[in-house]
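Here, each number is a calculation from the coordinates, and none is a lab measurement. None of the values given here were measured: they were computed from a predicted structure. Positions of Cβ are backbone-derived with ideal geometry, glycine not excepted, and every protein chain shown enters the neighbour counts.
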Amino acid sequence: MTRQTYALFNFSHLRANYQQAKALADGLAYAVVKANAYGHGMLECAKALADADGFAVSCVDEAVQLRAAGVRQPVLVLQGAYSATEWQLAAQHQLEMVLHHSSQLDTWAQAKLGTAVSVFLKINSGMNRVGFTLDEVDEVLAKLQHQPLLSLKCVMTHFATADDAQSAAFEQQLSYMASRSWPAPFCLSNSAALYRVRTAAGKPLRDAISRPGIILYGASPLEEKSATELSLKPVMTLCSEVISLHGMHQGERIGYAGTWQAKRETRVAVVAIGYGDGYPRQAPNGTPVLIDGVECPLIGRVSMDMITVDVTDHPQVHIGSKVELWGEQLLAERVAQHCHTISYELFCRVTSRVQRVIKKH
Ligand SMILES: *Cc1c(COP(=O)(O)O)cnc(C)c1O
């Protein structure tokens, strides 16, 4: 590799973050590695988390990739199966399957499986995306009871607002789950919920299995606390270098559409990264960029292959200066805030042009 732009991955941080998740969890913790482990490399992350209780992915294709790579722990498919073929793969690879819609029971019947599959029954407790409501669930539970080849392992739900301490919707979702008895233990918490008090009418709701995702990668799931405050350690550091420097006179404009105008004599550093690498094009003027350890403001539009940064106050910056776009020293969630998005999306958007480097210890 010769290009100066790369993503550095520190998997000892991944392991430390998983241990933190385990300490917060009531029971087992399945590491959520969907979407290529939030852009961190699904197979490498699974390998680094060899001691994880299990893994969760979005779709059957991701789960089959884990099995093909030799992963032996439980693998939960968060969206379950959408065809008879997917149910067959689930049986063949012993995947654990979310059941969130009755149409999935129809495709299961079509698959005519000879072996049992474990299912997580998903309840819509208020997020209104997928899952059965309490009105619908008795019928499904009755079907499962008469069907030994579908073995109910957990009752599951997903929280819409666990990241926001001010929201009452989180407690409402907990009450909804606690308002009846269930024939299987719970699988409730995402990362944010692990930091919340999980009770309904004063009684704790215990997770047999929780599903931490973003905290494994070292970013905060909470609006009011940073990754540093939660002692989470960033796994991905997105790096580049200064490739050019020049001066601009007061009144001159920079980049496409000239969205930034120099108010003074300005020294500009050009960095070899752009939206072609997954750096967000919507990053506005003032988004922090770390150059040789100092935060400098982004100026002008993000291009496909370059960004421009105001380094007027930092004369030590030179061609070849090291740049961190986000990572161990500049938290992704801070960059995300400037871009009106979340760290999850920044991580997932890093493109295949970016070289991946595994940090050695
Ligand atoms: C992605 C996902 C998670 C993990 O969420 P984080 O906020 O990253 O912890 C948990 N459960 C379900 C159903 C998910 O889709």
In the neighborhood of THR312, defined by Cβ-to-Cβ distances under 9 Å, what is the net charge if each Lys or Arg adds +1 and each Asp or Glu adds -1?
-1
Can you check what the net charge comes to around GLU241, using other residues whose Cβ is under 11 Å from the Cβ of GLU241 (Lys, Arg +1; Asp, Glu -1)?
0
Provide, in order from the shortest bin, the percent of all Cα-Cα pairs of region 224-314 in each 10 Å bin, continuing until the bin that contains the maximum pair distance.
16, 46, 27, 10, 1
Which length gain, in nm to one decimal place, applies between GLN316 and GLU223 when the Cα-Cα distance is subtracted from 0.36 nm times their residue separation?
30.0 nm
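Taking a ≥ b ≥ c as the square roots of the eigenvalues of the Cα gyration tensor of region 11-99, is the shape rounded (a/c under 1.5), prolate (a/b larger than b/c) or oblate? Intermediate results must be reported in sequence, preceding the final value.
On the way: a/c = 2.14, a/b = 1.68, b/c = 1.28.
Taking the square roots of the gyration eigenvalues as a ≥ b ≥ c, region 11-99 is prolate.
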What Kirkwood hydrodynamic radius, in Å, does the chain give when the mean of 1/r is taken over all pairs of distinct Cα atoms and then inverted?
22.2 Å
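Quick one: of the DSSP bridges fully inside the chain, what percent are antiparallel, nearest 5?
55 percent
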Separation of the THR341 and GLU139 label points, Cα + 7 Å toward Cβ, nm:
4.0 nm
Run the numbers for ARG353 and THR2: contour at 0.36 nm per residue of separation, minus the present Cα-Cα distance, in nm.
125.1 nm
Local net charge near ASP163, Cβ-Cβ under 15 Å (Lys/Arg +1, Asp/Glu -1)
-3
Can you list the equivalent-ellipsoid semi-axes of region 59-212, largest first and in whole Å, using the square root of 5 times each Cα gyration tensor eigenvalue?
28, 18, 13
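Kindly rank 232-243, 259-270, 316-327 from highest to lowest mean number of other beta carbons found within 10 Å of each residue.
The densest-packed peptide leads the list: 232-243, 316-327, 259-270.
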Dividing the helical contributions, -39500 (n - 2.57) per DSSP H run of n ≥ 4, by the residues of the chain yields a 222 nm value, nearest 500 deg cm²/dmol, of -7000 deg cm²/dmol
Mind pulling the angle between the C-alpha long axis of helix 169-178 and the longest principal axis of the chain? Nearest 10 degrees, somewhere in 0 to 90.
20 degrees
Sorted by number, the cysteines in the chain with no other cysteine beta-carbon under 4.7 Å are CYS45, CYS59, CYS239, CYS296, CYS339, CYS348
Taking 152-159, 17-24 and ranking on average Cβ neighbours within 10 Å, highest first, one gets 152-159, 17-24
Magnitude of the Cβ-charge dipole of region 1-158, K/R +1 and D/E -1, about the Cα centre, nearest 20 debye?
520 debye
Sorted by packing (mean other beta-carbon atoms within 10 Å per residue), highest first, where do 162-170, 209-217, 329-337 land?
209-217, 329-337, 162-170
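Report the charge-dipole magnitude of region 170-231 in Debye, nearest 20, computed about the Cα centre from +1 at each Lys and Arg Cβ and -1 at each Asp and Glu Cβ.
Roughly 300 debye, rounded to the nearest 20.
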